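Chemist: Encoded as C-alpha cells, here's the structure I'll be asking about.
The values are calculated or read from the model by the stated rules, or taken from the named source; none is laboratory data. This one's a predicted model, so the numbers in the text were calculated from it and none came from an experiment. Note that we place each Cβ from the backbone using ideal geometry, even for glycine, and neighbour counts take in every protein chain shown. SASA here: full protein model, heavy atoms, side chains in, ligands and nucleic acids out. Shrake-Rupley method; radii C 1.70, N 1.55, O 1.52, S 1.80 Å.
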Amino acid sequence: MSSATEQKSRATDLTQLAINTIRFLSVDAVEKANSGHPGTPMALAPTAYTLYTQVMNHNPKNPLWPNRDRFILSCGHASMLLYSMLYLTGYGLTLEDIKEFRQWRSHTPGHPEVTETPGVETTTGPLGQGIATAVGMAIAQRYLNGIFTAEGEKPLLDHRIYGIASDGDIMEGVSSEAGSLAGHLGLSQIIFFYDDNKITIEGHTDLALSENTADRYRAYNWNVLKVDDGNDLVAIQAALKEAQRETARPTLIVLRTHIGFGSPNKVDSHEAHGAALGPEEVKLTKQNLGWPLEPTFYVPEDVLAHTREAVNKGEAAEAEWNVRFNDWAAKHPEKAAEWRRMSEGRFPLGWEAKIPDFQSEDKIATR
C-alpha cells in the first residue's frame, strides 16, 4: 500500500471512529438518564461530524465570535447530538457534563437551552421554532450589513446559518411561514438539512404527513437538494458545497436517514425516538458497529485529538476576521463606535425623545 493510500485509509478509519463516538456518547447518555432520544443522534452523527469538523467556521474557545457560522438543532429532542459535538470539539463541556444529561442543574438539559450551554445558539424545544429562529438570524445579519457595510465593500458579516430539522419541524405552521419568508427574501446564508427518516414518536410519518416536502420548499423559492444516504459523507459534503455556491435562495438538503442506525431491532422504529434503547439493545448495537461494551462513555484519545483540531481552526478563522474588522473600523470610526454600542446593548443618546406621545383623542389602530 502506498503512503498516500495508507494516510487516506487512516483518515477514513479515524472519521468512522469519530462518528461512532458521537453515536455512542448519545446512546450511553440517554441510557444512563433512562430518558431522552437516542435514535436521531445515531442517524445524524455523520452530518454533525461533517459540519463541525469540516465545514463550519466556528471557534469553540469563543462561542460568541460575531462572524461565526451558526448551527441550530431545530429538533431539540435530539440534543445529545449537539452536546456530543460541543464536547468533542472543545466548547467547554466535560465528559462529566455528558454523563449528567437531563439531570437537575446540569449543562446538558433535555432540550438545548441558550443560557445553559456554551455553543448553543438558541433554545429549541417547540418544533419548528429553530427554523423560524434561523430566519430571524439571517434577517438580522442582512440588517446589520445594511447598517455597517459601505457600498462596494465586502459585507462585514458573511457567516452562514446551518441547521437540522425533523419531520415534526416540517409539519409545524411556524416553520412554513418562516420558510416562505426566507424564500421571498432570498436568505441564501440559510442551509438546513431536513432529516427525512419517516418516523415520529407516534410511528411512521404516513400517519400525519403525505405531502412532497421538497416540492413545497421549491414553491417557497428554496434551493432543494437531495442526499439519499445519511452515511454518505462524500454526498453530504458535495451537497453542502453546492448549497454554499447558492447566492439567491436558502437551501434545504433532504437527507434520507434511518433513525436508530446500527440498532438491530430498533432501526427505523419509533421505539428509537423518545426512549432509551435498553441494556440488551445497547449491547447488540455496540457489537453490531464494532464498539467496545465497556467502558461506557468511551472516547478514543485519537478521536478527541482529531475533533479538538476545531479549536486551532476556529481561532485562526476568528483572527483572520478580526484583521478585516479592524481594517474596517479604522476606515469607518463612527460606524465602529455604533457597532460597539449595539454590541454592548446600550441605547443611543436621545432615544427617549423618539417615543411617540399619543393623546386620548388620537385615532390609532389598537390591534
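Chemist: Within the accessible area of the chain, what % is carbon and sulfur when the probe is 1.4 Å and the other protein chains stay in place?
Modeler: Using a 1.4 Å probe with all protein chains present, the chain comes out at 52 percent carbon and sulfur.
Chemist: If you wrap a convex hull around the Cα atoms of region 151-266, how much volume per residue is inside, in Å³?
Modeler: Numbers: hull volume 13.7 nm³, N = 116.
Enclosed volume per residue, from the Cα hull, is 118 Å³.
Chemist: Keeping every protein chain present and rolling a 1.4 Å probe, give me the accessible area per residue for the chain in Å².
Modeler: 49 Å²
Chemist: Based on the alpha-carbon gyration tensor of region 101-220 and its eigenvalue square roots a ≥ b ≥ c, which shape applies: rounded if a/c is under 1.5, prolate if not and a/b is larger than b/c, or oblate?
Modeler: Numbers: a/c = 2.97, a/b = 1.26, b/c = 2.35.
Since a/c reaches 1.5 but b/c is at least a/b, the shape of region 101-220 is classed as oblate.
Chemist: Would region 15-170 count as rounded, prolate or oblate if I go by the C-alpha gyration tensor, calling it rounded below 1.5 in a/c and otherwise prolate when a/b exceeds b/c, oblate otherwise?
Modeler: On the way: a/c = 2.00, a/b = 1.79, b/c = 1.12.
Prolate, because a/c is 1.5 or more and a/b exceeds b/c.
Chemist: Report, in degrees rounded to the nearest 10, the 0 to 90 angle that the Cα long axis of helix 333-343 makes with the longest principal axis of the chain.
Modeler: 50 degrees
Chemist: A further question follows. Straight-line reach only, C-alpha to C-alpha below 20 angstrom: list the aspartates and glutamates that Lys154 could link to, leaving out same-chain residues fewer than 8 apart.
Modeler: Qualifying aspartates and glutamates at Cα under 20 Å: Asp69, Glu246, Glu318, Glu320, Asp327, Glu334, Glu338.
Chemist: Let me ask something else. Can you compute the modelled spin-label distance between Leu17 and Arg324, with each label point 7 Å from Cα toward Cβ, in nm?
Modeler: Those two pseudo-labels are separated by 3.5 nm.
Chemist: Follow-up question, since we're still on this one. With no solvent and one equal point scatterer per Cα, compute the Debye intensity ratio I(q)/I(0) for region 6-77 at 0.17, 0.21 Å⁻¹ and report its log10, rounded to two decimals.
Modeler: Values returned for q = 0.17, 0.21 Å⁻¹ are -0.79, -1.02.
Chemist: Pull out a ≥ b ≥ c, the square roots of the eigenvalues of the alpha-carbon gyration tensor of region 325-367, then state rounded if a/c is under 1.5, prolate if not and a/b is larger than b/c, and oblate in the remaining case.
Modeler: prolate
Chemist: Over the chain, what is the relative contact order in percent, taking alpha-carbon pairs closer than 8 angstrom and at least six residues apart? Please list the in-between numbers first.
Modeler: Values: 615 pairs, mean separation 78.9, N = 367.
Computed value for the chain: 22 percent relative contact order.
Chemist: Any chance you could give the angle, 0 to 90 degrees and rounded to 10, that helix 129-148 forms with the longest Cα principal axis of the chain?
Modeler: Taking the Cα atoms of the chain, the angle to 129-148 is about 40 degrees.
Chemist: Treating cross-link reach as a plain straight distance, find the lysines whose alpha-carbon is under 21 Å from the alpha-carbon of Lys313, omitting any fewer than eight places away in the same chain.
Modeler: Cα-Cα hits under 21 Å: Lys8, Lys61, Lys241.
Chemist: Of the labelled options [x] 59, 43, 37; [y] 84, 54, 36; [z] 72, 51, 41, which one gives Cα extents along the principal axes in Å as computed for this structure?
Modeler: [z]
Chemist: I would also like to ask the following. Ranking request for peptides 128-134, 107-113, 330-336: highest mean number of other beta-carbon atoms within 10 Å first, then the rest in descending order. Each step should come with its number before you reach the end.
Modeler: Values: 128-134: 25.3, 107-113: 21.3, 330-336: 12.1.
Listed from highest to lowest mean packing, they are 128-134, 107-113, 330-336.
Chemist: Once you list every other residue whose beta carbon is under 12 Å from the beta carbon of Gly128, what net charge do they have if Lys and Arg are +1 and Asp and Glu are -1?
Modeler: -4
Chemist: Order 144-156, 262-274 from most to least packed using the mean count of other Cβ atoms within 10 Å.
Modeler: The densest-packed peptide leads the list: 262-274, 144-156.
Chemist: Per DSSP H run of n ≥ 4, the term is -39500 (n - 2.57); total these for the chain, divide by its residue number, and report the mean residue ellipticity at 222 nm rounded to 500 deg cm²/dmol. If you can, show how the numbers build up before the last one.
Modeler: On the way: 13 runs with 168 residues, N = 367.
When only DSSP H runs of four or more count, the value is -14500 deg cm²/dmol.
Chemist: Residue separation times 0.36 nm, minus the C-alpha to C-alpha distance between Glu309 and Asn221: what's the value?
Modeler: Here the segment from Glu309 to Asn221 would lengthen by 28.0 nm.
Chemist: What is the local net charge at Gly186, summed over the other residues whose Cβ is closer than 11 Å to its Cβ (Lys, Arg +1; Asp, Glu -1)? Walk me through the numbers on the way to the answer.
Modeler: Working: positive: Arg142, Arg249; negative: Glu246.
Residues close to Gly186 contribute a combined charge of +1.
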